[in-house]
Amino acid sequence: MPILDPERSYTFSQYFELRFDPADILAELSVTLERRYLQDLPYAWPESLAVGATALRQSMLQYLPKAALTSKMARRELLISPVLTMLLECLPLQLSIEYGIEVNRFLKGEVDYLLRGEQQMIVIEAKGADLSRGATQLAVELIAFDLWLEQRGQLPEVPTLYGAVTTGDIWQFCLYQRRDHHIVQDLNLYRIPADLEQVMGILSGIVL
């Protein structure tokens, strides 16, 4: 029996709820999955970002001990938004929030954050702080984004699309190898604020 009901439609968030192995879910979309430690993610550290990251780290070290990060809203406002906002202040980027995509009835919904520079990348917040299921949802969104760009005639000449899933205090990266229809989930986990510079360097390296 197929995992995806051909008579139903699915939004991105519904993939988060599926109680199946991620590899089996992606196989329904004709995509393979690999998990490994990625040591060669793009990385850039322009001087403007270095100044901003230092200021953000100092600010976080002051306010995070006083904040209860027990809700989705708290993690978004105090951890995710400050990182993305600082990138916008320091680099020539654009940010779309709750960006709508509809490819077909199996691939539609809203992307939490779409970061745009020379390249584009997706950032999503893991519901319930569940990185594992969040990574599955991110993989589906990367597949949809690739087809979305193709349908709109905006397919960039890049072999790989990148995305990140975060609980706010933990970040994990994924990539989609477009020609091979292959998702790679990075097993490295980056913590905020301890690994703030690494996270911001990878984000800027992907989009610049």
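The values are calculated or read from the model by the stated rules, or taken from the named source; none is laboratory data. Owing to the predicted nature of the structure, the values given are computational and were not obtained by experimental measurement. Heads up, the Cβs are rebuilt from the backbone with ideal geometry, glycines too, and the neighbour counts pull from every protein chain shown. In case anyone asks, the SASA skips ligands and DNA or RNA and just uses the protein heavy atoms, side chains included. Shrake-Rupley method; radii C 1.70, N 1.55, O 1.52, S 1.80 Å.
Return the percentage of antiparallel bridges among DSSP beta bridges fully within the chain, rounded to the nearest 5 %.
70 percent
Averaging over every viewing direction, what projected area does the convex hull of the Cα atoms of the stretch 105-206 cover, in nm²?
Averaging across all directions leaves 6.6 nm² for the Cα convex hull.
If each Cα of the chain is one equal point scatterer, what is log10 of I(q)/I(0) from the Debye formula at q = 0.16, 0.17 Å⁻¹?
One equal scatterer on each Cα of the chain leads to -1.06, -1.19.
Could you sort CYS174, CYS90 by their accessible area in this structure, using a 1.4 Å probe and putting the largest first?
The most accessible residue leads, giving CYS90, CYS174.
What FRET efficiency, computed as 1/(1 + (r/R0)^6) with R0 = 35 Å and r the Cβ-Cβ distance, is obtained for LEU208 and ARG19, rounded to the nearest 0.05?
0.35
Leaving ligands and nucleic acids out of the surface, order LYS127, LYS72 by accessible area at 1.4 Å, largest first.
Sorted descending by solvent-accessible area, the residues read LYS72, LYS127.
Between LEU147 and SER71, what is 0.36 nm times their sequence separation minus the Cα-Cα distance? Round to one decimal in nm.
Full-extension gain reported as 24.0 nm.
So which aspartates and glutamates can LYS66 reach, going by Cα to Cα under 19 Å and dropping same-chain residues fewer than 8 places off?
Within the straight-line cut-off, LYS66 pairs with GLU77, ASP169.
May I ask for the distance between the Cα centers of the stretch 63-113 and the stretch 158-174, given as a whole number of Å?
The stretch 63-113 and the stretch 158-174 have Cα centres separated by 12 Å.
Could you calculate the FRET efficiency of LEU189 with GLN154 from 1/(1 + (r/R0)^6), where r is the beta carbon distance between them and R0 is 41 Å, rounded to 0.05?
The pair LEU189/GLN154 has a calculated efficiency of 0.80.
So how do ASP21, ASP112, ASP40 rank on accessible area, 1.4 Å probe, biggest first, that is with the largest at the start?
Final ranking, largest accessible area leading: ASP40, ASP21, ASP112.
Using Cα positions and a limit of under 30 Å, work out the lysines in reach of LYS108, with same-chain residues fewer than 8 apart set aside.
LYS72, LYS127
Quick check for you: which residues of the stretch 177-208 have the amide N under 20 Å from the point 7 Å beyond the Cα of ASP40 toward its beta carbon?
Within reach of a label on ASP40: 177-189, 201-208.
So what is the relative contact order of the chain, in percent, for Cα pairs below 8 Å that sit 6 or more residues apart?
27 percent
Nothing charged except the Cβ atoms of Lys and Arg (+1) and of Asp and Glu (-1): what's the magnitude of the dipole of the chain about its Cα centre? Round to the nearest 20 debye.
Roughly 400 debye, rounded to the nearest 20.
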